[in-house]
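Since the structure comes first, as structure tokens, the remarks are kept for the end.
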Amino acid sequence: MTGFGFTEAINYSFIAKDSCDKLRMDADDPRRKIVNIVNPLSEDQAVMRTSLIPGLLETMRFNLFQQVRTVRVFEIGKTFIAKEHDNLPEQTEFLAALWAGSRADLSWHSQETACDFYDLKGILEALFKGLNIKDICFAALPNEKCRYTRPGFTAEILANGKSVGILGELHPEVLKAYHLKQTAYIFEINAEILPELVA
């Protein structure tokens, strides 16, 4: 990912309790099974994360406040889903990335062009090629399954017929919830599935 011009973000494993609401997750979404922190440092770090997306959105917001309009970040880390009869949560490692702003580095002799869905799709295809994972395809995600991504601008990522994640434009309501006024694109991949797909 760094070779594609992305910077690695390392965010806390703790997020705000209302993050699932901000991401518009369904009431029965497994990622709503949160693990509460007994003595949180702040309200923004009250629960264990069930997705890497909130952390990347906070990173984007911080950058925009610093007048950095082009943000290309990724994170590899664990998510934590509470299990009913067990004190230890289910832990799964994910790879997530966010791209907002310009398609290319700004230069005095070129006009700024905003990145789009296909730019991040190209990064994913190159990533899978570099990992020697074949038979990759992208299928339109049904509108009712687009919670934190925009309907009609979201794809399910399939490798060898197996769903490994999603790619899409962030939903306008999610951007509003995080006080972001700039379009952004994300992908989220279950990294634990990838090794078995390597040819």
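Odds and ends about this structure:
- Rounded to the nearest 10 Å², the accessible area of M48 at probe 1.4 Å: 30
- Antiparallel DSSP beta bridges within the chain, as percent of all bridges there, nearest 5: 95
- 14 Å beta-carbon shell around R61, net charge (K/R +1, D/E -1): +2
- Listed values for the range 59-75 are Karplus-derived 3J(HN,Hα) couplings in whole Hz (6.51 cos²θ - 1.76 cosθ + 1.60, θ = phi - 60°), namely 5, 4, 4, 4, 5, 5, 5, 8, 6, 8, 8, 9, 10, 10, 10, 9, 8, and x replaces Gly and Pro.
- Low-density loop cleavage sites - GluC sites (Glu not before Pro) in the range 52-102, where at most 13 other Cβ are within 10 Å (DSSP): E84
- Length-normalised contact order for the chain - Cα pairs under 8 Å, 6+ apart - percent: 19
- For the range 31-37, 3J(HN,Hα) computed residue by residue from phi via the Karplus equation (6.51, -1.76, 1.60; θ = phi - 60°) reads 6, 7, 7, 8, 9, 6, 8 Hz, glycine and proline entered as x.
- Once all protein chains are placed together, K145 keeps about 130 Å² accessible to a 1.4 angstrom probe.
- Net +/- balance of residues flanking A191 in space, Cβ distance below 14 Å, scoring K and R +1, D and E -1: -4
- The eigenvalues of the Cα gyration tensor, multiplied by 5 and square-rooted, give the range 8-94 an equivalent ellipsoid with semi-axes of 24, 13, 13 Å from largest to smallest.
- Taking the 1.4 Å solvent-accessible surface of the range 154-196 as the whole, the part contributed by carbon and sulfur is 51%.
- Once backbone amide H atoms are built at 1.01 Å from N, V47 has I15, K17, I37 as its partners under 5 Å, excluding neighbours fewer than 5 places away on the same chain.
- In the context of the full protein assembly, H179 retains an accessible surface of approximately 130 Å², using a probe radius of 1.4 Å and ignoring ligands and nucleic acids.
- Per-residue ³J(HN,Hα) for the range 16-23, Karplus 6.51 cos²θ - 1.76 cosθ + 1.60, θ = phi - 60°, Hz, x for Gly and Pro: 6, 5, 8, 4, 5, 5, 4, 8
The values are calculated or read from the model by the stated rules, or taken from the named source; none is laboratory data. Every value quoted in this text rests on a predicted model; they were computed, and no experiment measured them. Cβ sites come from the backbone with ideal geometry, for glycine too, and all protein chains shown count toward neighbours. All accessible areas refer to the heavy atoms of the entire protein, side chains included, with ligands and DNA or RNA removed. Shrake-Rupley method; radii C 1.70, N 1.55, O 1.52, S 1.80 Å.
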